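To start, the structure itself, in structure tokens.
The values are calculated or read from the model by the stated rules, or taken from the named source; none is laboratory data. Because the structure is a prediction, the values reported are computed rather than measured. Cβ sites come from the backbone with ideal geometry, for glycine too, and all protein chains shown count toward neighbours.
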Amino acid sequence: MSDTPFGFGPADRDRDKDDSSGPGDGESGSGGSGRDPEGPRDPFGFGSHPASDDPAGRQSGAEQNPFAAFGMGGLPGMPGMPGGPGGNFDMGQLGQMLSQLGQMLSHAGPGSGGGPVNYDLAAQLATQQLAQTTSSLTDEQRTAVAEAVRLAELWLDPATSFPSAGGEVKAWTPSDWVRAGMPTWKRLCDPVANRLSAAWVEGLPEEIRAQAGPMLGMLGQMGGMAFGSQLGQGLAQLGKEVLTSTELGIPVGPERTAALLPEAIARFTEGLDRPAGEVTLYLAAREAAHQRLFAGAQWLRERLLGAVEDYARGITVDTSRIEELARGIDPSNPESIQEAMSSGMFEPEDTPEQKAALARLETLLALIEGWVDTVVDAALAERLPGSAAMRETMRRRRASGGPAEQAFATIVGLQLRPRRLRAAAELWQLLEQERGIEGRDAVWSHPDLIPVADDLDDPAAFVRGGSGGGVPDDPIAELERQMAADAEQKAEQQKAEDGEDEGEQGEDRRGS
């Protein structure tokens, strides 16, 4: 499957390279936008990257064709279509072309329309691929997950003021992860796909739009299948690597559901010098801490997903070359439409709104990960012998471009920057030292109280009372004090105005 569906070419995503990370930092000095120049960093493959098994950087025709999933290496009826190879787009041949496209789309089955992405196809492809390489869970694995989460919850109790989320504990197969996360992926992917689909229609010449009304709907169907195919392949790859439901930094699964993926954890453990039970327990603590935070700060889930949506909606497209591309479509070869969609002729353009949404998203992700890192370390440091080693392992996993970075890069062109994560962890640690655990966690009580990007540049200043560091341990009490102060100030102003009025009236009486 091509990495550039709907014709988006590589954009220079490394313009804001941040060199603040030193060579001995052990972390990527990723740029100001948090993107990594290596590998895919753009939504739905904006820009191409070589396939790992293809030195030429191009995939086979079957892999590029999303319709191969339905047993069609090529499109039906192509030899009988009018026109010759390389011919121009003749609107007089549109009816025959539509007939062939309709025949092809009839093989797609239910779920192929009704939205910018065919999520039925995505789920089908992902689960089919995963079924070939994964196995069912055993009762022993399910019990191990349940026991690990139960013990982690006990150890987390004194480390945070947020209580247990009180939801379900699940052991998932990769296919379970795909199915449970589809509602969230739909919400994350729709804004991107909608924008790209609209860009194609907006860029078509007026005369083609007027004469090809039915065809535009079919193009939308084809686009939905192309997007669904790419999403399915991406989810299949991620499903093999993701360790917990919250590893991506966003709550992919259902609310208040702590879930671990034992098969991926087993592979992950093979490369570590730690016992399997210890690794599972550490990951269970991270998962439980995430669930406590999202349950305790109920605004957080919506704010986080909303930030991703805002970033995706900010995507703008240069459609000036779509007309040129449309003229090159060969009606005798419907595959030329798919080739046009994956030709890489266009680039996404950054906008101020998009950059602002990206900054908000990066900061929020860093604050979440930094808080979890701090709380889990406090809970396990004296109880789990390998806690410090596991903490560094997870940091290095993120810094080297693990599944979290890959997922965000594929969807919204974002990589979570470890430099900001470390700064966020330092901020939460300093807040705890200054205000205690309850004071630290009280910052999550309202979105207006959380630190902003500038605060991560100098966490100590925030704690001392900088841009947001003056937030008190009890924000409600502070609000009441502020309201009382405002009322007192208004009363004094009113009293002064009344005094001036009385003075003027006295002068009037003396004058008369």
- Would you please list the contacts, defined by Cβ atoms under 6 Å and residues six or more apart or on different chains, that run from a residue in the range 389-401 that is of a type outside the set (A, V, I, L, M, F, W, C) to a residue that is at pLDDT 85 or above and assigned to a helix (DSSP H, G or I)? ARG391/ASP377
- Conditions (1) of a type outside the set (Val, Ile, Thr); (2) more than 30 Å from SER387 (Cβ to Cβ); (3) assigned to a helix (DSSP H, G or I): number failed by PRO116: (3)
- Check on GLY224, closer than 30 Å to ALA148 by Cβ and at pLDDT 70 or above: no
- Query: Residue check: is GLY203 modelled with pLDDT under 70 and either surrounded by fewer than 22 Cβ atoms within 10 Å (Cβ to Cβ) or assigned by TED's automatic domain parsing to the domain that holds ALA284 (or both)?
  - Reply: yes
- Query: Pick from PRO451, PRO472: which is assigned to a loop (DSSP other than H, G, I, E, B) and either at pLDDT 75 or above or of a type in the set (Val, Ile, Thr) (or both)?
  - Reply: PRO451
- Message: Residue pairs, Cβ under 8 Å, 6 or more apart or interchain, first in the range 240-252 and free of Cβ contacts under 8 Å to residues at least 40 places away in the same chain, second buried (at least 24 other Cβ atoms within 10 Å of the Cβ). List them.
- Response: none
- Listed residues GLU263, GLU255, GLU278; which is closer than 21 Å to CYS189 by Cβ and either assigned to a helix (DSSP H, G or I) or out of contact with any Ser or Thr (no Cβ under 9 Å at 6 or more places or on another chain) (or both)? GLU255
- Note on the structure: Of (1) farther than 25 Å from ALA226 by Cβ; (2) at pLDDT below 85; (3) aromatic (Phe, Trp, Tyr), TRP371 fails just (2)
- Query: Counting just the residues of the range 365-384 that are touching a residue at least 24 places away in the same chain (Cβ under 8 Å) and among the small types (Gly, Ala, Ser), which one comes out surrounded by the most Cβ atoms within 10 Å (Cβ to Cβ)?
  - Reply: ALA366
- Message: Would you confirm whether or not the range 164-183 contains a residue that is in contact with a Phe, Trp or Tyr (Cβ under 8 Å, 6 or more places away or on another chain) and not in a helix (DSSP H, G or I)?
- Response: yes
- Item | Evaluation of ILE337 against (1) at pLDDT 65 or above; (2) assigned to a helix (DSSP H, G or I) (one fails), failing number | (1)
- Query: Can you tell me which residues in the range 127-174 are free of Cβ contacts under 8 Å to residues at least 40 places away in the same chain, of a type in the set (Asp, Glu) and within 16 Å of ALA284 (Cβ to Cβ)?
  - Reply: GLU140, GLU147, ASP157
